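The values are calculated or read from the model by the stated rules, or taken from the named source; none is laboratory data. Just so it is clear, the model here is predicted, and its values are computed rather than measured. For neighbour counting, all protein chains shown are included, and Cβ atoms are generated from backbone atoms with ideal geometry for every residue, glycine included. With ligands, DNA and RNA removed, areas are computed over all heavy atoms of the protein, side chains included. Shrake-Rupley method; radii C 1.70, N 1.55, O 1.52, S 1.80 Å.
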Amino acid sequence: MSDRPTLTTTAGAPVPDNQNSWTAGERGPVLLQDYQLIEKLAHQNRERVPERVVHAKGWGAHGTLKITGDISKYTKAKCLQPGAETPMLARFSTVAGEAGAADAERDVRGFALKFYTDEGNWDLVGNNTPVFFVRDPYKFPDFIHTQKRHPKTNMRSPTAMWDFWSLSPESLHQVTILMSDRGLPVDPMHMNGYGSHTFSFWNDAGERYWVKFHFKTQQGHKHYTNEEADHIIGKTRESYQEALFGGIDKGEFPRWTVQVQIMPELDAEKTSYNPFDLTKVWPHSEYPPIDIGVMELNRNAENYFAEIENAAFSPSNIVPGIGYSPDKMLQARVFAYADAHRHRLGTHYETIPVNRPKNEVHHYHRDGQMNVYGGIKTGNPDAYYEPNSVNGPVEQPAAQEPPLRIHGDADRYNHRIGNDDYGQVTALFNLFDDGEKSRLFANIAAAMSGIPQEIADRQLAHFDRVHPDYGNGVRKARETMTGREPAISVTSNTPQQAAE
Ligand code: NDP
C-alpha cells in the first residue's frame, strides 16, 4: 500500500485511473461518463483569468516593511510608527507588454506594494519613476491605446506613440526618464520605486500633511543599453523572473530604503507647480526626503498564479492616518484599479488569500462571484442590513480623515494652461552626464525610427524647449541612424524592435 495521498476529483472522490480515458472498446470512442476526463479538459479551458490591460507581465515576492524613523507627528497609521513591522507583497511589471512579453524591454516598471497592516490592507501602486505621462485621467485610455497594438496591424506603433506624446507636452518628463538609462533596469532589484501620486498623512490632532513615498534601491541602480537588452532577450525572455526568484531562492534579499517627502497642507496653495500634478516631482531642496525605514523582499511565492497573478493592488486601499489627495489621476485610479479586479478576478476578489487582509473583515456586501468565505461578514446571520439592532458591525468615526479643503468652482479646467511642462525636465537633463545624454539621444532616435517627419519635428520642438542641446542631440542621433534605417519604413513596431 502506497503512503502517497490519493488523487481525487474536485468533489473529493478517489480517481481510479489518471492515465487512460474510459472508452467503448480498446480503440474508442470515449464515454461521456468519463467525468474526470471532462473535468480535466474543462479546467484547462478555464486556467486563465483575463490578462491585465496594463502591467500584464509581472514578477513578485513577499517581504517585510520595518519602520525605524519617527513620523508620528504626521500620521497616526500604526504601520508607520517607530518599530512597526508589517508583512507585505511586491509585484513589479512592465506596462505595455502582454503576459508573455520579454522582461528586458524598455518600458516603465510597475512597483506595486501591498502592506498587510493590523488596520487593513494599505496598497501603494507606484512605478519606478516619480512621474507619469499624463496628469488628467481623461487622457489615460487614449495614452494606453498608443502603447498597445494598432487595431489593424496588431503591431505596436511608434507613430501613434510619438503622435500622442508630441501633442501632449506634459508627457515630456516621463518620456525623458523612459528613454534615459533608468528606462531599462536590469532587474527589479536595481531600480527605485515611487508612490508617484501625492497622498496625505493625518495625525491624531486631525492635521493633514501631503506626502510622497520613495523606495531607494540599496542594491544600486543598474541598467541595460538597448544593445545589451537585445542580447539578453535573445538568450532569455524571463530575465527578471530569473533574477528576482533565483536571488531570493539563494537567500539574497533585496532591500529598499523607504523615504517620505512631507508638505504642510497649506503649502499646496503657494508652490509654483501644482503639487497634485502627476507629471511633476517635489524638488528635494524644497521638501527633503526623510528616511523612515527599510523594505525587504525575502520569500518567494509558492504558486505564481495564486500569489502574484491573482494579487490585486489598488490605490483605494488606505488605512487610518493615510488619505488621498486632489491628484486627478489618483482619484481615477481609486475607482479604476478596484474595478479592474472586480472584472478580472470576481466581485469578491479580496477573499482570494493573497488579497485577504490579515485582520478580520466585517461588511454587509452580499453574494456574487468569489464570495468564497461564506455569506455576509458580520458574524451574525440576522445582521444582513445596517442599521440594525442585533449587534452588527458599526462605523468607527475615529477613522474619518480630516475635512479636505477644496477651492474653486466646478468646471473643466484646461490642464495645459499655466503649466510649465519643461522646467523639471531641464532639471533632470542637467543631472545627466555626457554619456547618459548621448544614450538618451540614441534611444530616442531609435524609438522614433520610421515615424512621419511632421510628428518628429513637433516632438523635437519640445526637446528644444527643455534645452537646445537636447533637441540638437536627438537630431544628430537621427542623422547618424539614417544610414541604418530599414529600406521600408516600419511604423508599427516597438521602440525595442526599432533599435535593431
Ligand atoms: P535633486 O538633484 O535633489 O534630485 C535628484 C533626484 O533625481 C534623486 O532622487 C536621484 O535619484 C534622481 N536622479 C539622479 N540622477 C538621475 C538620473 N540620471 N536619472 C534619473 N534620476 C536621477 O533635484 P530635484 O529634486 O530638483 O529633481 C531634479 C530632477 O530629478 C527632477 O526634475 C526629476 O526629473 C528628477 N527626480 C526627482 C525626484 C524628486 O523626488 N525630487 C525623484 C527622482 C528623480 P537617486 O537618489 O536614486 O539617485
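Here are a few things to note about the model shown:
- Taken over the range 269-327, the criterion of being open to solvent by 20 Å² or more (accessible area, probe 1.4 Å), within 16 Å of the ligand (Cβ to nearest atom) and of a type in the set (Asp, Glu) is satisfied by GLU286, ASP291.
- Residue within the range 120-130 that is crowded, with 23+ Cβ neighbours inside 10 Å, within 16 Å of the ligand (Cβ to nearest atom) and over 28 Å from ASN226 (Cα atoms) present: yes
- Subset of the range 240-254 (residues that are open to solvent by 50 Å² or more (accessible area, probe 1.4 Å) and either among the acidic types (Asp, Glu) or within 16 Å of THR94 (Cβ to Cβ) (or both)): GLN241, GLU242, ASP249, GLU252
- Test: residue in the range 226-239 that is open to solvent by 30 Å² or more (accessible area, probe 1.4 Å) and in a strand (DSSP E or B): no
- Qualifying positions in the range 415-463 - under 30 Å from LYS328 (Cβ atoms), in a loop (DSSP other than H, G, I, E, B) and more than 16 Å from the ligand (Cβ to nearest atom): HIS415, ARG416, ILE417, GLY418, MET448, ILE451
- Options HIS197, HIS214, HIS223; residue that is in contact with an Asp or Glu (Cβ under 6 Å, 6 or more places away or on another chain) and within 11 Å of the ligand (Cβ to nearest atom): HIS223
- Residue match in the range 388-396 (condition: among the hydroxyl-bearing types (Ser, Thr, Tyr), farther than 24 Å from GLY323 by Cβ and surrounded by 12 or more Cβ atoms within 10 Å (Cβ to Cβ)): no
- Residue within the range 149-165 that is of a type outside the set (A, V, I, L, M, F, W, C), within 16 Å of the ligand (Cβ to nearest atom) and touching a strand residue (DSSP E or B) at 6+ places or on another chain (Cβ under 7 Å) present: no
- ARG208 being under 23 Å from PRO283 (Cα atoms) and of a type in the set (D, E, K, R): yes
- Of all residue pairs spaced 6 or more apart or on separate chains, those with beta-carbon atoms under 7 Å, a first member in the range 42-65 that is without any contact (Cβ under 8 Å) to a residue 60 or more places away in the chain and among the hydrophobic types (A, V, I, L, M, F, W, C) and a second member that is assigned to a loop (DSSP other than H, G, I, E, B) and open to solvent by less than 60 Å² (accessible area, probe 1.4 Å) are ALA56/GLY97; ALA56/GLU98; ALA56/ALA99.
- Hey, MET179 touching a Gly at 6+ places or on another chain (Cβ under 9 Å), more than 30 Å from GLU265 (Cβ to Cβ), outside the structural domain of LEU440 (by TED's automatic domain parsing) and within 15 Å of the ligand (Cβ to nearest atom) or not: no
- ASP107 vs. criteria outside any helix (DSSP H, G or I), acidic (Asp, Glu) and either under 28 Å from GLU436 (Cα atoms) or touching a residue at least 60 places away in the same chain (Cβ under 8 Å) (or both): yes
- Considering GLU386, GLU401, the condition of being at pLDDT below 95, acidic (Asp, Glu), touching a Ser or Thr at 6+ places or on another chain (Cβ under 8 Å) and assigned to a loop (DSSP other than H, G, I, E, B) is satisfied by GLU401 alone.
- If you filter the range 430-487 down to residues that are among the hydroxyl-bearing types (Ser, Thr, Tyr) and at pLDDT below 95, you find that the one that is most open to solvent (accessible area, probe 1.4 Å) is THR480.
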